[in-house]
1. Suppose the filter is in contact (Cβ under 8 Å) with a residue 12 or more places away in the chain and either hydrophobic (A, V, I, L, M, F, W, C) or assigned to a helix (DSSP H, G or I) (or both); does Phe70 pass it?
2. For the stretch 316-356, which residues satisfy the criterion of being open to solvent by less than 70 Å² (accessible area, probe 1.4 Å) and of a type in the set (A, V, I, L, M)?
3. Can you name the residue in the stretch 51-71 that is of a type in the set (A, V, I, L, M) and open to solvent by 10 Å² or more (accessible area, probe 1.4 Å) and is also farthest from Leu150 (Cα to Cα) among such residues?
4. Go through the stretch 84-99 and report how many residues are surrounded by 15 or more Cβ atoms within 10 Å (Cβ to Cβ) and either more than 24 Å from Leu295 (Cα to Cα) or at pLDDT 90 or above (or both).
5. Please name all residue pairs, on different chains or six or more residues apart, with Cβ atoms under 8 Å, provided the first residue is in the stretch 253-266 and is over 19 Å from Thr287 (Cβ atoms) and the second residue is in a helix (DSSP H, G or I) and at pLDDT 90 or above.
6. Show the residue pairs meeting these rules: Cβ distance below 8 Å; 6+ apart or different chains; first residue within the stretch 45-57 and over 13 Å from Leu213 (Cα atoms); second residue among the aromatic types (Phe, Trp, Tyr) and open to solvent by less than 40 Å² (accessible area, probe 1.4 Å).
7. Just give me the residues in the stretch 279-296 being in contact (Cβ under 8 Å) with a residue 40 or more places away in the chain, surrounded by fewer than 18 Cβ atoms within 10 Å (Cβ to Cβ) and among the polar types (S, T, N, Q), in sequence order.
8. Regarding Ile22, is this residue touching a Lys or Arg at 6+ places or on another chain (Cβ under 9 Å) and in contact (Cβ under 8 Å) with a residue 12 or more places away in the chain?
Amino acid sequence: MDLETAYLVFGIAFGWIWSLGILLSPASLGERTRASLIMFCSSFWLVGAATFLSGLVKIYPILYAIHIPFALGIAPLLYIHFQITLLGLELSKKEIFLHFLPILFSVILLLPFWLGGEEFRLRTLREITEGRIYSAILVFLQITPKISILSYFLPLLWIYRSYLFRSEQDENEERARRMFLIFICLVCFVIFWGLTGSILRRIEFVKESIFSLPVLLIIGFLLSQREPNWLGFVGKSLREVRYKKSRLKGMDESKIKDRLEALMRREKVYADEDLTLSQLAEELGLTNHQLSEFLNQRLSMKFSDYINSWRVEEAKVLLLEDPDRSILAISESVGFNSKSAFNEAFKKFADSTPSEFRKTAVLYKASLKF
């Protein structure tokens, strides 16, 4: 193994170990999963580079495009993480699926290559310089992850430029903003440099871009360790900028709140375990983004937390009124689809487990009799 390949293998191992470490962090399950997948996919991108530069792809042609679906997942995962974690928005399953469609298309296009046999794969790779249609498709797929990342990042930088280039009164927020801006600019530059090299067929540009990726992973790790709350500061400021352009202008927010509470209190829509943001927004005559903004900005809660808080309150009543009813049955009746999810939400909103809550309530009632 030459020095260049060893360096890339180090980057792959570093990224994968970090992705495992993220899964053990105290953040919410969704946040941990998204961040870990981003890191895993970013590291897997280097697998393609390592196999290409080391010459392994000539021995095992199937490795030529094995990284592409993973690399194409980086941008949508980052975008979804940005929307949910930093902006506090809720995305529907349909929206999330649409963001991952390019991965599905890439897999469909790569299936003939993967399933075509060794001879077909070798012939296809030889035909790359001849400009054959399928070979050209494979070449284009190699640059689609770069196009994807830039097409997601650059519009976001433009939309939030007023935040990125302003001064913060709080020193910690200002430092977080600077780090966020510098890191994003570095990522965009490295990706753009590699894309330029691919288009102009300047292999030295491509290699410089590839060798910068492990450095970016290490910089990202060091930043996360130096400033653990930097994304929190960034998210807070980005939400402030976003809500200055409120989608609720001209709407009677008190009526929205009253209608929302009526749906919860009287109709108990939270008891539907399949309830989505889209369904609730439709009931209220709002768009997904309007409801998400109302919950986040006016009630300071995400959609899932808002629904679960009502479910937990209802569960408290049932735990006291029906002491013989099982906790699992109660969790299902208020809308939870698993006991573990019920326990997690109950502890979050009631500071105890359901069984502890019921036991404490029984002891308290017993004490009143004496």
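The values are calculated or read from the model by the stated rules, or taken from the named source; none is laboratory data. As the structure is a prediction and not an experimental result, all values here were calculated from the model. With ideal geometry, Cβ positions are generated from the backbone for all residues, glycine too; neighbour counts draw on all protein chains shown. Each accessible area value is taken on the protein alone, full model and side chains, heavy atoms only, with ligands, DNA and RNA left out. Shrake-Rupley method; radii C 1.70, N 1.55, O 1.52, S 1.80 Å.
1. Numbers: in contact (Cβ under 8 Å) with a residue 12 or more places away in the chain: yes; either hydrophobic (A, V, I, L, M, F, W, C) or assigned to a helix (DSSP H, G or I) (or both): yes.
Yes; evaluated as a whole, the condition is true for this residue.
2. Those that are open to solvent by less than 70 Å² (accessible area, probe 1.4 Å) and of a type in the set (A, V, I, L, M): Val317, Leu318, Leu319, Leu320, Ile327, Ala329, Ile330, Val334, Ala341, Ala345, Ala350.
3. Residues of the stretch 51-71 of a type in the set (A, V, I, L, M): 53, 56-57, 59, 62-63, 65-66, 68, 71.
With open to solvent by 10 Å² or more (accessible area, probe 1.4 Å) added as a condition, the list becomes 53, 56-57, 59, 62-63, 66.
Numbers: Leu53: 24, Leu56: 29, Val57: 27, Ile59: 32, Ile62: 27, Leu63: 25, Ile66: 21 Å.
If we take residues in the stretch 51-71 being of a type in the set (A, V, I, L, M) and open to solvent by 10 Å² or more (accessible area, probe 1.4 Å), then Ile59 is farthest from Leu150 (Cα to Cα).
4. 1
5. Hits for this filter: Met264/Tyr270; Met264/Trp310.
6. Listed by first residue and then by second, the contacts come to Thr51/Tyr64; Phe52/Tyr64; Val57/Tyr64.
7. Of everything in the stretch 279-296, those that are in contact (Cβ under 8 Å) with a residue 40 or more places away in the chain, surrounded by fewer than 18 Cβ atoms within 10 Å (Cβ to Cβ) and among the polar types (S, T, N, Q) turn out to be Thr287, Gln290.
8. Working: touching a Lys or Arg at 6+ places or on another chain (Cβ under 9 Å): yes; in contact (Cβ under 8 Å) with a residue 12 or more places away in the chain: yes.
Yes; evaluated as a whole, the condition is true for this residue.
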